[in-house]
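Single-structure report; data block below.
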Amino acid sequence: MVCAIGDETGKIFEQISIPTITPEETVPKMVEYFKKANVEALGIACFGPIDPDKSSPTYGHITSTPKLPWQNYNIVKAFEDALGCPAGFDTDVNGSVLGEATFGQAKGKKCVAYATIGTGVGVGVFIEGKLLHGMLHPEAGHVLIQRRADDGYPGRCPFHKNCLEGMAAGPAIEERWGKKAIELKDKKEVWDLEAYYIAQALTGYVLTLSPEMIILGGGVMHQEQLFPMIRNYVKEMLNGYIKTEEIGNMDSYIVPASLHDDQGIMGCLELARRALKNE
Ligand code: ZN
């Protein structure tokens, strides 16, 4: 759990990291940190799934997370009760896209998608000034993708074998090739297949969300050689159907995160500002 103190301009004054163990053990340490700083408001961008719907009886809960001690835990209430200040609440990836759209390269854009590809895959969507929730919130890391004929790997998502997360997150790369992603850097076939799968999902996002920019973060995307490969595959998969300035400039359309891995924290500062102003 990364905890930070900052202001509404996105400036981060200090930050600490606390291991995510159990709510009983972890949350009091976080509360203590924020209490000392006497914060006016809090922004929480949390691993999910979560319930971000203010009208729901389980608003503020982390719901069916695989991190078992945190299942059905009301994290918003815990902080609001302990700190007595308003708290904004969203998914970790919605926090990241909000950071990029408020303070980063996506400032001024109407629709932005942010995908983090690491141990799992998460997608946040900023749309017309808000974060997309709808029924729940996007779970676009689990969109189904088509297996390439030469790939015999079965996939490792317990819910769907051939979703993006099951086929292309870090643990799937490691299991398929028998080595950690970082040790596979020079194997072109690894990244070609990876780019092919990521591009399928992104092509779907392009067609359904019409984003003006797609930002890719997370551990797997530290393999920078993926970016040109992904852009080429997306272009190939769209096959000339979408003719916009953005698609014509792939290098500035599918891009790495711009805020030095602070996009999530900066998004939380904006979540806190919005909670304080009741926006
Ligand atoms: Zn899945």
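Worth a mention:
- Residue match in segment 185-199 (condition: in contact (Cβ under 8 Å) with a residue 12 or more places away in the chain, surrounded by 14 or more Cβ atoms within 10 Å (Cβ to Cβ) and within 15 Å of the ligand (Cβ to nearest atom)): yes
- For segment 224-279, a tally of residues being surrounded by 12 or more Cβ atoms within 10 Å (Cβ to Cβ) and modelled with pLDDT of 95 or more returns 39.
- In the set Phe34, Phe47, Phe79, Phe89, only one residue is touching a residue at least 60 places away in the same chain (Cβ under 8 Å) and touching a helix residue (DSSP H, G or I) at 6+ places or on another chain (Cβ under 8 Å); that residue is Phe89.
- Members of segment 91-111 found to be out of contact with any Leu (no Cβ under 9 Å at 6 or more places or on another chain) and surrounded by fewer than 24 Cβ atoms within 10 Å (Cβ to Cβ), listed by number: Asp92, Lys107, Gly108, Lys109, Lys110
- Test for Pro49: is it surrounded by fewer than 19 Cβ atoms within 10 Å (Cβ to Cβ) and modelled with pLDDT under 95: yes
- All strands (runs of 3 or more DSSP E) inside segment 1-79 with 2 or more residues being farther than 27 Å from Ser258 by Cβ, of a type in the set (Lys, Arg) and within 22 Å of the chain's Cα centre (by Cα): none
- For segment 142-184, the set of residues classified as away from the ligand (no atom under 13 Å from the Cβ) and under 14 Å from Gln223 (Cβ atoms) consists of Gly170, Ile173, Glu174, Trp177, Lys179, Lys180, Ala181, Ile182, Glu183, Leu184, listed by residue number.
- Residue check for Ala101: within 25 Å of Gly217 (Cα to Cα) and in contact with a Cys (Cβ under 6 Å, 6 or more places away or on another chain): no
- Sub-8 Å Cβ pairs linking a first residue in segment 137-163 that is closer than 13 Å to Gly204 by Cα to a second residue that is part of a loop (DSSP other than H, G, I, E, B) and among the hydroxyl-bearing types (Ser, Thr, Tyr), at least 6 apart or interchain, number zero.
The values are calculated or read from the model by the stated rules, or taken from the named source; none is laboratory data. Worth saying up front: this structure is predicted, and the values here are computed from it rather than measured. Note that each Cβ is placed from the backbone with ideal geometry, even for glycine, and that neighbours are counted across all protein chains shown.
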